[in-house]
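Student: Take this structure first; my questions come after.
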Amino acid sequence: MNARLERKLRYLAAIIAVGTIVGIAVNLAQGRTSPSSIVVGAAYGLQMCIAIGGLELFVLDGRLRTRLRALSFTANLLVRSAIYAAIITLIQSLQLGEVIVGLPRDPAPQTFWSGFVLSAAIAVVMNLGFSIANIIGPKALLNFITGRYHSPVEENRFVLFVDIAGSTGLAERLGGVGIHRFLDRTFRLPTLVVVDYRGEVLNYVGDEVIVTWRESSGAIEGRPLQCFMAMREALAQASSRFESEFGAVLKIRGSLHFGPVIVGEIGNVKRAIVFNGDVMNTAASLEELSRKVDGGFLASRAAMERFSSPPRVATCDLGRMPIRGRADGIDVVGIDVPAQT
């Protein structure tokens with residue numbers, strides 16, 4: 001089972017569990033407190049979440065992802081909510097909860113409409129939450145909700161910088177709007193890979209994307225390094241499309257570092273969770289150096305030593321290299337792949 005399918009199945013299981021509880025809560029809110037009514041509520045929640053969750057994860061976030069992402073935030077929300085409402089209406093009108101449990105259908109129309117309104121409202125709120133999470137990132141949203149970084153904390157983190165090679169010259173040729181479309185299309189591919197490898201997109205800065213992992217997550221099987229290689233593979237598979245549309249061959253460079261960072265909320269009007277510390281500066285400097293080495297990638301020895309097992313990628317020790325901001329330099333490792341310039 002590939003990582004993406006495994007992740008979606010985990011999400012579906014979580015959605016079904018939460019939806020079943022919500023289905024019970026909806027029935028209780030309507031005054032249906034008998035054991036049979038509770039079972040019916042659970043049956044409705046189970047059906048709706050299997051239908052909506054499966055559709056969301058495997059269709060709307062699968063084959064239709066590109067078309068839906070082309071819509072504005074509001075249009076996307078309305079389309080998804082309309083689909084949710086149609087599914088809820090079908091299940092409620094057929095009274096499949098009662099059918100599955102073996103109870104007679106309820107002929108009272110007000111029961112249908114009250115159940116529909118409650119279920120539809122919950123679906124819209126959940127969809128709004130999914131849409132907001134897609135904008136700021138699901139982990140960032142969860143951190144805001146829990147207040148994890150309301151006060152700054154120090155964490156050990158892997159930090160991966162990924163840069164699109166040759167974007168400066170491409171910007172001159174494509175113009176402002178053209179290069180923006182190119183960057184948008186390009187970043188959509190590797191950021192899907194980031195999710196597969198349990199990473200967190202921290203920020204997009206010009207033609208760079210910054211990805212982080214907590215130590216416990218990133219150390220497993222060298223996920224940050226594997227993620228970078230999977231990014232290259234995803235972009236290589238799409239290279240013909242990009243060359244046809246933009247006249248450019250997709251190539252990326254990268255750098256990886258590990259160490260303590262300060263993570264905390266900052267700002268007022270547009271509050272954000274930011275990362276500060278020498279690790280961020282060193283990772284950025286390593287990315288600059290990666291432009292001068294074969295393979296187009298540099299990882300600090302500190303990051304490589306934190307992996308729980310040897311990486312599956314062929315690496316080579318490049319010794320100590322001088323780096324901006326460090327008088328004594330830094331020990332680095334490269335990867336044995338053709339150079340990207």
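The values are calculated or read from the model by the stated rules, or taken from the named source; none is laboratory data. Keep in mind the model is a prediction, meaning the values are calculated, not measured. Counting neighbours? That spans all protein chains shown, and the Cβs are built from the backbone with ideal geometry, glycine included. We work out accessible area using only protein heavy atoms, side chains counted, and drop any ligands, DNA or RNA first. Shrake-Rupley method; radii C 1.70, N 1.55, O 1.52, S 1.80 Å.
Student: Specify which residue in the list Gly137, Ile50, Gly319 is farthest towards the positive end of the charge dipole of the chain, using unit charges on the beta carbon of Lys, Arg (+1) and Asp, Glu (-1), about the Cα centre.
Tutor: Final value for the positive-end residue is Ile50.
Student: Right, here's the next one. To the nearest 500 deg cm²/dmol, what mean residue ellipticity at 222 nm is calculated for the chain from DSSP H runs of n ≥ 4 alone, each contributing -39,500 (n - 2.57), summed and divided by the residues?
Tutor: On the way: 13 runs with 192 residues, N = 341.
Taking each H run of at least 4 residues, the total per residue is -18500 deg cm²/dmol.
Student: Please report, ordered by residue number, every helix of the chain (full DSSP H runs) that is 27 Å or longer along its axis going by C-alpha atoms and whose mean Kyte-Doolittle hydropathy reaches 0.0.
Tutor: Sorted by number, the helices that extend far enough and score high enough are 3-29, 35-55, 73-94, 109-136, 167-196.
Student: Another question, then. Calculate how large, on average over all directions, the projected area of the Cα convex hull of the range 279-332 is; give the answer in nm² to one decimal.
Tutor: On the way: hull surface 15.5 nm².
In nm², the orientation-averaged hull projection of the range 279-332 is 3.9.
Student: Here is a further query. Could you please state, rounded to a whole Å, how far the C-alpha centre of the range 236-272 is from the C-alpha centre of the range 1-71?
Tutor: The range 236-272 and the range 1-71 have Cα centres spaced 31 Å from each other.
Student: Same structure again: Kindly rank 197-205, 6-14 from highest to lowest mean number of other beta carbons found within 10 Å of each residue.
Tutor: Working: 197-205: 17.7, 6-14: 13.8.
Those peptides, ordered most packed to least, come out 197-205, 6-14.
Student: Ignoring solvent entirely, what values of log10 I(q)/I(0) come out of the Debye formula for the range 237-276 at 0.18, 0.23 Å⁻¹ when each Cα is a single scatterer?
Tutor: -0.67, -0.74
Student: Something else: Applying a 10 Å radius around every beta-carbon, put 222-231, 277-286 in order of their mean neighbour count, most first. It would help to have the intermediate numbers written out before the result.
Tutor: On the way: 222-231: 23.9, 277-286: 20.2.
So the peptides 222-231, 277-286, ranked by packing, come out 222-231, 277-286.
Student: Rank Arg173, Arg65 by accessible area, highest first, at a 1.4 Å probe radius? Show your work: numbers first, answer last.
Tutor: Numbers: Arg173 135, Arg65 45 Å².
Correct descending sequence by accessible area is Arg173, Arg65.
Student: Ok, one more. Looking at the chain, I'd like the Rg to Rh ratio, where Rg is from alpha-carbon atoms and Rh is Kirkwood's inverse mean 1/r.
Tutor: Details: Rg = 24.1 Å, Rh = 22.7 Å.
On the Cα set of the chain, Rg over Rh gives 1.06.
Student: Add +1 for every Lys or Arg and -1 for every Asp or Glu among the other residues with Cβ under 15 Å from the Cβ of Gly45, and state the total.
Tutor: On the way: positive: Arg32; negative: Glu98.
Net charge around Gly45: 0.
Student: Taking all pairs of distinct Cα atoms, average 1/r, flip it, and tell me the Kirkwood hydrodynamic radius of the range 148-205 in Å to one decimal place. Don't jump to the answer; show the numbers that get you there.
Tutor: Numbers: mean 1/r = 0.0723 Å⁻¹.
Taking the inverse mean of 1/r over all distinct Cα pairs, the range 148-205 comes out at 13.8 Å.
Student: What distance in nm separates the two pseudo spin-label positions at Ala121 and Leu141, each 7 Å out from Cα along the beta-carbon direction?
Tutor: Modelled inter-label distance: 2.0 nm.
Student: Could you order peptides 301-314, 319-332 by the average number of other Cβ atoms within 10 Å of their residues, highest first? Write down the numbers at each step before the final one.
Tutor: Working: 301-314: 15.2, 319-332: 13.5.
The densest-packed peptide leads the list: 301-314, 319-332.
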